[in-house]
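Have a look at the structure below, then the notes.
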Amino acid sequence: AVLPNDESNSQYNRLVISFRMKRNYISYMIKICLIMCIISLLSNGLFSLNPTDQLGDRLSYGVTLLLTDAAYILVISSSVPVLPYLTLIEKYIITNFCYISLNVVLVSFNQMTDYIISDELTMILSFISWLLIHLYFIVVS
């Protein structure tokens, strides 16, 4: 649409062009979110190892998942656009990293407090929070 210019002294008109675009987000969901979803779900396996005999194995498994998550973030950073604000997918990635970190902290906390909260209960609560996190991001997207 050609609109008259706001300045009365000008002899030029202003041309406004609008485009309607839609991004194909399904490929991002499969390539990024599905893999991150699986990595964060695997962190619930921390609570299935024997708590007294295999504390070192539990912590090394958790740290390995954190390193896997961090390496995957570095790999996918080239496919996520660089913007001055956090996109929804970046918030999802950060939330998953925090979720795995929290599970590692819970394993350490349970060991230090002589298992005030049982591993079964911790695993159930962790899985419920995993479901809630993913349901939230599904609804928001």
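Figures for the structure shown
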item	result
Which listed residue is at pLDDT 90 or above and within 24 Å of Asp57 (Cα to Cα), from Ile124, Ile116	Ile124
Leading residue by the ranking (surrounded by the fewest Cβ atoms within 10 Å (Cβ to Cβ)) among those in segment 127-141 that are modelled with pLDDT of 90 or more and of a type in the set (Ser, Thr, Tyr)	Tyr136
Positions within segment 22-78 being open to solvent by 90 Å² or more (accessible area, probe 1.4 Å) and β-branched (Val, Ile, Thr), in sequence order	Ile30, Thr52, Val75
Within segment 69-103, tally of residues that are within 13 Å of the chain's Cα centre (by Cα), more than 21 Å from Ile26 (Cβ to Cβ) and of a type in the set (Val, Ile, Thr)	2
Residue within segment 91-101 that is assigned to a loop (DSSP other than H, G, I, E, B), among the small types (Gly, Ala, Ser) and open to solvent by less than 70 Å² (accessible area, probe 1.4 Å) present	no
Hits in segment 102-121 (condition: part of a helix (DSSP H, G or I) and over 24 Å from Ala70 (Cα atoms))	Asn110, Gln111, Met112, Asp119, Glu120, Leu121
Residue list for segment 79-90, filter: in contact (Cβ under 8 Å) with a residue 12 or more places away in the chain and loosely packed, with under 14 Cβ neighbours inside 10 Å	Ser79, Leu88
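The values are calculated or read from the model by the stated rules, or taken from the named source; none is laboratory data. Computed from a predicted model, the values in this text were never measured in an experiment. All Cβ positions, even for glycine, are placed from backbone atoms using ideal geometry, and neighbour counts span all protein chains on display. In case anyone asks, the SASA skips ligands and DNA or RNA and just uses the protein heavy atoms, side chains included. Shrake-Rupley method; radii C 1.70, N 1.55, O 1.52, S 1.80 Å.
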